Amino acid sequence: GPQASSTSVLLEASVRPRDPGDGPSASPRSLRSLLLKRLSFLRDNFNTLLSIYRTERDKGTLYELTFRGDQTHEFRRLVLFRPFGPIMKVKKERLNMAGTLVNVIVPLARRVDKFRQFMQNFREICIQQDRRVHLTVVYFGKEEMDEVKGILENTSRAANFRNFTFIQLSGEFSRGKGLDVGARSWKGSNVLLFFCDVDIYFTSDFLNTCRLNTQPGKKVFYPVLFSQYNPGIIYGHHDAVPALEQQLVIKKETGFWRDFGFGMTCQYRSDFINIGGFDLDIRGWGGEDVHLYRKYLHSNLVVVRAPARGLFHLWHEKRCEDELAPEQYRMCMQSKAMNEASHGQLGMLVFRHEIEAHLRRQRHKTGSKKS
């Protein structure tokens, strides 16, 4: 994987032969000492926050390794380029993210319980831990609006948090419109946007990954999130479903990497405006995020697409409305099927009657032998 490849690249960079122009060659003892120091550094410090690479077929592979710095909000980035030949160092830099605000934009209609759960996570991660986040909630309609505003205001009072904006829109829910309005409503200087949904759980490490993978005019970030399976199926044989934090484990039995989803994204407001924002003609579920993603692919910006270990989609029952266009309905049903359980778990459900019949026959045989 990327992490293993990056380790081998660092080791190669540490032990590569010296250039003749590097000066007098060192003694074997000092070379061994230097190598041990570098290996010790790798062992002690290779707790990378971020490690990604991309290969260009006709050139080589570019590696970006980001390490935690000495200060809380400081990071170190090492960029290496391995052409189809010896490795070359591109640059080494210090990155200070202390002043990088993230504007989390959440479009919403009803779903009060989900919003209450979202705000519990937001309070812990964004207000108590990260403290460099603005929240923009774009609410459609008036039904349950007072309850949602009440949750926001209670959080604001309890946590002394004022960095939020509440926007109310009329008409039917449109995710693209909600995010577009939320992004354009920002009146300050250029800001990093995180387009989010109410059923998303993220960590403080993800917020830093969001900051490190974006750059105005140069890079946008499209993380691949880990999507949770139906806890009722996963933990059906347990006495009780574990607490949410205990469920968020990345394993093939608990969920899957949603590599077909492009809805959660980090990008600067200036890039979003310059690319033309969302296609507001798209109504209902799905489609607007893919359209925006494709616009970036055809632009001069680098699109960073990589799994994010700190970004989770929480399971919820999905309804695919009859009013959806055929392509939207197909996408919705595909998402619904993949959201429930793994292939093996779904197979056990499909064949449960056959399995139960087998167990009955086994019990009958055991009983016959005893008698």
* Structure fact -> Filter segment 204-227 for residues that are charged (D, E, K, R) and assigned to a helix (DSSP H, G or I); the one that is nearest to K252 (Cα to Cα) is D205
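Table: residues versus (1) open to solvent by 50 Å² or more (accessible area, probe 1.4 Å); (2) free of Cβ contacts under 8 Å to residues at least 60 places away in the same chain.
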{"position": "R294", "(1), (2)": "yes, yes"}
{"position": "L301", "(1), (2)": "no, no"}
{"position": "G310", "(1), (2)": "no, no"}
{"position": "L324", "(1), (2)": "no, yes"}
{"position": "S342", "(1), (2)": "no, no"}
{"position": "L349", "(1), (2)": "yes, no"}
{"position": "R360", "(1), (2)": "yes, yes"}
{"position": "K365", "(1), (2)": "yes, yes"}
* Asked: Residues in segment 136-152: is at least one exposed (fewer than 14 other Cβ atoms within 10 Å of the Cβ) and closer than 22 Å to M264 by Cβ?
  -> no
* Subset of segment 48-79 that is open to solvent by 100 Å² or more (accessible area, probe 1.4 Å) and within 18 Å of K92 (Cβ to Cβ) - its residue that is modelled with the lowest pLDDT -> D70
* Going by the structure shown, is F278 in contact with an Asp or Glu (Cβ under 9 Å, 6 or more places away or on another chain) and crowded, with 21+ Cβ neighbours inside 10 Å? -> yes
* Asked: Which residues, taken from segment 63-86, are touching a strand residue (DSSP E or B) at 6+ places or on another chain (Cβ under 6 Å) and either of a type outside the set (A, V, I, L, M, F, W, C) or part of a loop (DSSP other than H, G, I, E, B) (or both)?
  -> Y63, E64, T66, G69, E74, R76, R77, R82, P83, F84
* Structure fact -> V181 meets each of (1) open to solvent by 30 Å² or more (accessible area, probe 1.4 Å); (2) in contact (Cβ under 8 Å) with a residue 12 or more places away in the chain; (3) closer than 30 Å to F67 by Cβ; (4) out of contact with any Asp or Glu (no Cβ under 7 Å at 6 or more places or on another chain) with one exception, condition (3)
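The values are calculated or read from the model by the stated rules, or taken from the named source; none is laboratory data. Everything numeric here is computed off the predicted structure, so don't read it as measured data. Here the Cβ is made from the backbone with ideal geometry for all residues, glycine too, and neighbour counts use every protein chain on show. Please note that ligands, DNA and RNA were not included when accessible areas were found on the heavy atoms of the full protein model with its side chains. Shrake-Rupley method; radii C 1.70, N 1.55, O 1.52, S 1.80 Å.
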